[in-house]
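Readers should treat all values here as calculations from the given coordinates under stated rules, not as data from a laboratory. This one's a predicted model, so the numbers in the text were calculated from it and none came from an experiment. Note: ideal-geometry Cβ built from the backbone for every residue, glycine included; neighbour counts use all protein chains shown.
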């Protein structure tokens, strides 16, 4: 599922014009991204929590040359599913990598 699919399903369910529905989806995603940029976690009840984690720099290896390199530290976004979402995914047939 992608953003276009979400807009289409919301449009069909709520009945807003597609352009307004797309603007609402974009606004929600912008607000989530803005909070993460500020370092604030985003919790959506019964869905999960998005957080920014800091990864430390670490030793790595260039696979082509075998040379050791230092991979610099960076920020990454993580997602932790809520217990309700985990339960829903595990109880629903047809999900997962089968």
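So for each of 22-31, 63-72 I average, over its residues, the number of other beta carbons within 10 Å; can you give me the resulting order with the highest mean first? Provide the component values of the computation, followed by the final result.
Working: 22-31: 12.8, 63-72: 8.8.
In decreasing order of mean packing, 22-31, 63-72 become 22-31, 63-72.
Calculate for the chain the 222 nm mean residue ellipticity that helices alone would give, adding -39,500 (n - 2.57) per DSSP H run of length 4 or more and normalising by residue count, nearest 500 deg cm²/dmol.
Details: 3 runs with 41 residues, N = 98.
Roughly -13500 deg cm²/dmol at 222 nm, from the helical runs in the chain.
May I ask you to compute the full-extension gain from residue 45 to residue 75, defined as 0.36 nm times their residue separation minus their alpha-carbon distance, rounded to one decimal in nm?
Values: separation 30, 0.36 × 30 = 10.80 nm, distance 2.43 nm.
That works out to 8.4 nm of additional length.
Quick check: the distance between the Cα centres of region 5-41 and region 57-96, to the nearest angstrom?
25 Å
Just checking my list (1) 1.02; (2) 1.12; (3) 0.92 against Rg/Rh (Cα atoms, Kirkwood Rh) computed from this structure; which label fits?
Only one listed value fits the structure, namely (2).
Take residue 2 and residue 67, extend 7 Å from each Cα along the Cα→Cβ direction, and tell me the distance between the two endpoints in nm.
3.7 nm
Can you classify region 47-98 as rounded, prolate or oblate using the Cα gyration tensor, where a ≥ b ≥ c are the square roots of its eigenvalues, rounded means a/c under 1.5, and otherwise it's prolate if a/b beats b/c and oblate if not? Walk me through the intermediate numbers first.
Details: a/c = 6.43, a/b = 2.04, b/c = 3.15.
Taking the square roots of the gyration eigenvalues as a ≥ b ≥ c, region 47-98 is oblate.
Classify region 1-40 as rounded, prolate or oblate, taking a ≥ b ≥ c as the square roots of the eigenvalues of its Cα gyration tensor: rounded when a/c is under 1.5, otherwise prolate if a/b is larger than b/c and oblate if not. Could you put the intermediate results ahead of the total?
Working: a/c = 3.52, a/b = 2.37, b/c = 1.48.
Prolate is the answer for region 1-40, as a/c is 1.5 or above and a/b outweighs b/c.
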